[in-house]
Structures are given as C-alpha cells and as structure tokens.
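Here is the structure we will look at, set down as structure tokens.
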Amino acid sequence: MIRFATTNEGKLHEAREYLDEAVRQLDFDYPERQADDLATVAAHGARAAYRHAGEPVIVDDSGLTIETFDGFPGPYSSYVEDTLGIERVWHLAEREADRAGAFRCVVAYCDGGEFAATPEPVDRERRGQDIAAAERASATTDEQVQEGPLPVKLFEGVVPGTIVAPRGDGGFGFDPIFEYDGTTFAEMETDEKNAISHRGRALAKFAEWYAEAER
Ligand code: IMP
C-alpha cells in the first residue's frame with residue numbers, strides 16, 4: 001500500500017489509473033520547501049510525508065518550464081500563475097524567437113528503506129548527491145542531521161510543447177497557453193490530456209518500477 005500525499009482528489013484519481021487500489025490518499029499538506037528545481041521540492045515533501053505517516057508515500061511536484069527563460073517558472077509556477085497570470089507569461093514569451101516549453105512532473109517515493117535511491121530516473125547525474133546536500137543543509141533537528149536524508153526515488157515525466165496565445169476553456173493553470181501537437185491543453189478533454197500528461201508519464205514510470213520492486 002502506498003499513500004499519495006495530496007489534498008487534490010483529481011491527482012489521486014489520476015494515480016489510480018496507474019496504481020489501482022495500491023494507492024490511497026494521505027490528506028497531508030506538507031510544508032513546501034523552496035528550491036529552483038521540482039525534484040528537490042518533491043523529495044523534501046516525500047520525506048516529510050513519510051515521517052508523518054510512517055508508511056510508503058509518494059509526493060508529486062509539477063510546473064511549466066520555458067526554455068528561453070532557463071526553466072522559469074518551474075517550481076514557482078503556482079506563484080507566477082497567481083501573481084503575473086498566464087496572459088502576461090504569454091506576453092513575455094511572445095517577444096522571444098524560441099517559445100519551446102514543457103510541463104514537468106517529478107514523483108518522489110519514500111518508504112524509509114535503503115533501496116538504490118535516486119538518481120537514474122531523473123536525467124541528471126548528480127541529482128541524488130545534490131538533494132542529499134540540500135537536505136543536510138535544511139535539516140532542522142539533530143535527529144535529522146544524524147540520520148541523514150532518507151533515500152528517495154525520483155521519477156520525472158515531461159511533455160514538450162510550445163507557449164502560445166491563450167486558447168480554450170478547459171483545464172487549469174497554464175493549460176490555455178501550452179500547445180501540444182497543435183492543440184492547447186485547455187482545448188483537450190480531460191481524458192485526452194491525462195493520456196499524455198507529465199503527471200501521467202511520471203506515474204507510469206513509478207508504477208513500472210514499483211511493480212518490479214514488489215516482485
Ligand atoms: P502542482 O505541483 O501539481 O500543484 O502544480 C503547481 C503549479 O504548476 C500549478 O499551480 C500550475 O500553475 C502549474 N501546473 C502544473 N501542472 C499543470 C497542468 O497540467 N496544467 C497547467 N498548469 C499546471
């Protein structure tokens with residue numbers, strides 16, 4: 001049994017498509033750590049959720065990245081959506097020749113065990129060490145410092161696309177300005193979007209690894 005630490009039931013339903021009854025909701029609003037990449041935020045959340053629940057947990061963190069802005073807004077997507085708004089993000093991108101973007105999601109798994117943690121599912125060689133160093137720096141209790149960071153396994157899902165002028169009424173967040181294969185996410189039906197979504201891709205990778213690890 002895995003607990004998905006999220007207050008969003010839509011995410012739980014999406015996770016069930018990949019993990020069936022193996023996943024249950026953990027209604028735990030973990031304190032979000034600020035960091036410039038999604039993996040660090042998700043890993044920190046997974047450790048906090050595991051410490052809270054004492055059971056295997058997954059946590060996800062997602063966002064929009066715009067290549068020409070070095071990945072902005074990334075982990076700050078929700079803040080940028082609430083402050084600048086998506087229309088103004090489009091106007092920033094509009095002036096650029098390169099409007100490539102991507103939705104990214106990192107699913108972090110923690111069960112307190114010593115499995116071969118991180119980095120290979122996320123495509124950055126030093127990811128595990130970087131997270132370990134960041135976690136050591138942010139440990140707030142002696143116990144955490146002595147224990148060191150709990151191993152976390154990371155799974156990244158990416159959907160590449162293009163930033164465009166807003167179109168469509170569906171979805172949420174940056175969906176109207178994100179075009180995939182000629183259609184914005186806001187112009188798609190929910191099922192259509194879920195079938196290609198960054199979260200779905202990360203969850204599918206996790207489900208595959210988890211099924212293997214269970215054997
Ligand atoms: P969360 O980590 O899933 O809560 O997403 C953080 C923020 O990223 C959201 O508030 C949105 O601004 C943005 N975001 C993440 N996924 C999507 C998506 O599928 N469509 C549109 N915006 C998204």
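Is it true that residue 9 is free of Cβ contacts under 8 Å to residues at least 24 places away in the same chain, under 29 Å from residue 179 (Cβ atoms) and surrounded by fewer than 16 Cβ atoms within 10 Å (Cβ to Cβ)? Taking the combined requirement at face value, the residue satisfies it. Among the residues making up the stretch 157-215, those that are touching a residue at least 40 places away in the same chain (Cβ under 8 Å), in contact with a helix residue (DSSP H, G or I) (Cβ under 7 Å, 6 or more places away or on another chain) and aliphatic (A, V, I, L, M) are 158, 159, 163, 164, 165, 177, 203, 204, 207. Among residues belonging to the stretch 153-201 that are in contact with a Cys (Cβ under 8 Å, 6 or more places away or on another chain) and near the ligand (Cβ under 10 Å from one of its atoms), point out the one that is nearest to residue 109 (Cα to Cα). So the residue we want is 199. Inspection of the stretch 46-67 finds no residue satisfying the criterion of being in contact with a helix residue (DSSP H, G or I) (Cβ under 8 Å, 6 or more places away or on another chain), among the aromatic types (Phe, Trp, Tyr) and either modelled with pLDDT under 95 or away from the ligand (no atom under 13 Å from the Cβ) (or both).
The set of residues in the stretch 77-112 that are among the hydroxyl-bearing types (Ser, Thr, Tyr), within 13 Å of the ligand (Cβ to nearest atom) and crowded, with 18+ Cβ neighbours inside 10 Å contains only 77. Of all residues in the stretch 51-69, those being under 25 Å from residue 25 (Cβ atoms) and among the polar types (S, T, N, Q) number 1. Note on the stretch 159-215: among residues that are hydrophobic (A, V, I, L, M, F, W, C) and not in a helix (DSSP H, G or I), the one that is modelled with the lowest pLDDT is 172. When residue 33 is tested against (1) crowded, with 16+ Cβ neighbours inside 10 Å; (2) at pLDDT 95 or above, just one condition goes unmet, and that condition is (2).
The values are calculated or read from the model by the stated rules, or taken from the named source; none is laboratory data. As the structure is a prediction and not an experimental result, all values here were calculated from the model. Don't worry about glycine lacking a Cβ; one is built from the backbone with ideal geometry, like all the others, and counts go over all protein chains shown.
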